[in-house]
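Notes for the one structure printed next.
The values are calculated or read from the model by the stated rules, or taken from the named source; none is laboratory data. What you see is a predicted model; the values in this text were computed from it and never measured. Note: ideal-geometry Cβ built from the backbone for every residue, glycine included; neighbour counts use all protein chains shown. The area values use the complete protein model at the heavy-atom level, side chains included, leaving out ligands, DNA and RNA. Shrake-Rupley method; radii C 1.70, N 1.55, O 1.52, S 1.80 Å.
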Amino acid sequence: MLNQMTIPQKLSIKHGSGKKVMMHGVLMIYTFIALFPIFVIIINAFKTRKAIFKDPLALPTPDTFSMVGFEQVLLRSEFELFFANSMVVTLLSLFFVLLLGAMVAFALTEYKFRGNLFIAILFAMGIMIPIRLGTVSILNLMSNLNLVNTLTALVLVYIAQGLPLAVYILSEFIRQIPKELKEAARCDNVSEYKIFFTIVLPLIRPALATVAVFTMIPIWNDLWFPLILAPGEGNQTITLGVQQFIGQYVTDWNSVLAALTLAIVPVLVLYLIFSRQLIRGLTSGAVK
Amino acid sequence: MTTSNHKAPFPWHILFFLAPGLLIYVSISVYPLLDTLWLGFFEEDESGQRFFSGLKNYQTLLFDAVWSEPFWNALWNNTKFFIVHMLVQNPIGLMLAVLLSSPRLQWSNSYRTLIFMPTMLSVVIIGFVWQLLLSPIWGISENFLYDIGLGEYFDAWLGNEGTALTTLSLISVWQFVGIPMMLIYASLLNIPDELIDASVVDGSSAWQTFWNIKLPLILPTIGMVSILTFVANFNAFELIYAVKGALAGPNFSTDIMGTLFYRTFFGFQLQSGSITMGAAVATLMFLIILIGVAIYLFLVQRRMQRFQL
């Protein structure tokens, strides 16, 4: 800690502040590049059609302000429904990925039994091999189960998709729980189920949060499986709904911009709330 | 005790913990993948009757002109897509990570949070955003280029056969640069301070310290970023589909393995879909990804271990 404090100080004196300014310059330019496209879309969603074309970079003023795009989107598509579908699918999948993932991770790390290593490798392979490659048979399977065009099909696929990484990360954390805690409970005749639900599960809460973020984003953003398994009749997720809506009203700039804004803003708000958690998860080495 | 369950009653609790997750994973991920690999060896006649045909699908895909031309085109395009990511996304990610990890940098957290933002959004949404921004009708990019004196270089990049794929690759790079940035940043933070201090005390310049100390130590992370990029790229679909549709125009110049798989499986316009042919394409994608992962595991990682502490 002491080194960290003194040496860099020397560095910054040696190199002067020019280097710092340059570093900030580069980072600011890149931050601008990352944010500007999104910013342009959002400000134009609140402008009249004329203003969108006349001066795309201007902020909406009282003269140019218009919500007509949003009105059109809400009128012409079942946006609220798509949003609700995405919520249901994401939350249900997330719940099962966390619960079942923690249970599998506990079984694999806590007990010795035949096939343990094989099952662990089976799950590990799923981290690298995308579930999409099995789409042909997944669609077959879902139509045999009469689940095509249902949200259930999506939830099942997303649970299978999320489990490998969840098992991997949660195993790492469960392994770190001191043996004494569990052994003490066992001496008191506490059942294995109770050990898992009342001792292990609360202790891995931070890991669960990390897994939650990693699981949630791909599910919310996915287009492939909604496109193939639940493409219509009110079962679209928000990503698919927006894609279909824009395809249909591609020339209506107000509507397109509004639809994009409606898809972007909730994610950005959630991201800003949970970014600390997410970045800590990414940088803590949980996914190495 | 659990460890002495040899003569104990059947360990129901293990089954309880393991079965639900394993059942869903095996039946919806493992089995469909194996079934797809198996289906690739079959053919279907008009009545939907399936019969075993060995490697015929693969022969058709790789050598029959009608099929092989789109296949090799998609594979080559996908390779270019990957190369652009490796040459642009990962170096920029590395540079940003190095800048962010410099000690006592103000607003470091804010930069990180903001630069990572596009990564959170759906690829589909990003595709549409850039389609609008690059549209000659709206002219926003054109005006911007004129403002900085480069106006004459503007073109309908997404519409031209020669530039569409590179443009789409760069859009994807723009969106995902946050991932290499974060992972490399994390591994830079893990380098022990003593090593850096020793190098500074020895009189190394910042560049020498980076080249001789930091870079070798983060090579395993760069290897991991590369394989993640590889798998994601050869599995990509959404961006092309959102911006260019399943036909991956103009004239299939943006067709990659994901869009080829989609068209083969579902059919598009005049071409009817085929389950078995789709399975064959998926199998080839599986093999490509497997080869990539194998190269990573056996070659890259083994060589990099020398550098690890």
Choice from A:F123, A:F197, A:F225 with maximal GNM fluctuation in chain A (Cα, 10 Å cutoff): A:F197
Per-residue mean of C-beta atoms belonging to partner chains within 10 Å, peptide B:110-116: 6
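For the peptides B:76-83, A:105-112, B:292-299, what is the packing order when you average, over each peptide's residues, the other Cβ atoms within 10 Å and list the highest mean first?
Order by mean packing, descending: A:105-112, B:76-83, B:292-299.
Go ahead and run the numbers for FRET between A:V265 and A:K54, Cβ-Cβ distance against an R0 of 25 Å, rounding to 0.05.
Numbers: r = 24 Å, r/R0 = 0.97.
Result of the calculation: an efficiency of 0.55.
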Chains B and A together, accessible area buried on both sides, 1.4 angstrom probe, square angstrom: 8900
Farthest toward positive dipole pole in the protein assembly as shown [+1 Lys/Arg, -1 Asp/Glu at C-beta], among B:M285, B:Y241, B:F298: B:F298
Longest site-free stretch - chain B; sites: GluC sites (Glu not before Pro), DSSP loop, at most 12 other Cβ within 10 Å: B:162-309
Choice from A:V265, A:V21, A:V73 with maximal GNM fluctuation in chain A (Cα, 10 Å cutoff): A:V21
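For the cross-link pairs A:K112/A:K194; A:K20/B:K214; A:K47/B:K244; A:K19/B:K214, which exceed 23 Å when the distance is taken from alpha carbon to alpha carbon?
Violating the 23 Å limit, Cα to Cα: A:K47/B:K244.
Before I look further, what does chain A give for accessible area per residue, probe 1.4 Å, in whole square angstrom?
I get 47 Å² per residue for chain A.
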Gaussian network model of chain B, springs between alpha carbon atoms under 10 Å - residue of B:Y262, B:Y146, B:Y111 with greatest fluctuation: B:Y146
Average accessible area per residue (Å²) across chain B - probe 1.4 Å, nucleic acids and ligands excluded: 47
Sulfur and carbon atoms: percent of accessible area, the stretch B:56-307 [1.4 Å]: 64
For the stretch A:66-77, Karplus couplings with θ = phi - 60° (6.51, -1.76, 1.60), whole Hz, Gly/Pro x: 7, 10, 4, x, 5, 4, 4, 4, 5, 6, 9, 9
Cα gyration tensor, chain A - rounded (a/c under 1.5), prolate or oblate: oblate
C-alpha center-to-center spacing [the stretch B:9-71, the stretch B:160-237] in angstrom: 36
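For chain B, just say rounded, prolate or oblate: build the C-alpha gyration tensor, square-root its eigenvalues into a ≥ b ≥ c, call rounded for a/c under 1.5, and beyond that prolate if a/b exceeds b/c, oblate if not.
Note, shape of chain B comes out oblate.
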Gyration tensor verdict on the stretch A:75-140 (Cα atoms; rounded if a/c is under 1.5, prolate if a/b is larger than b/c, oblate otherwise): oblate
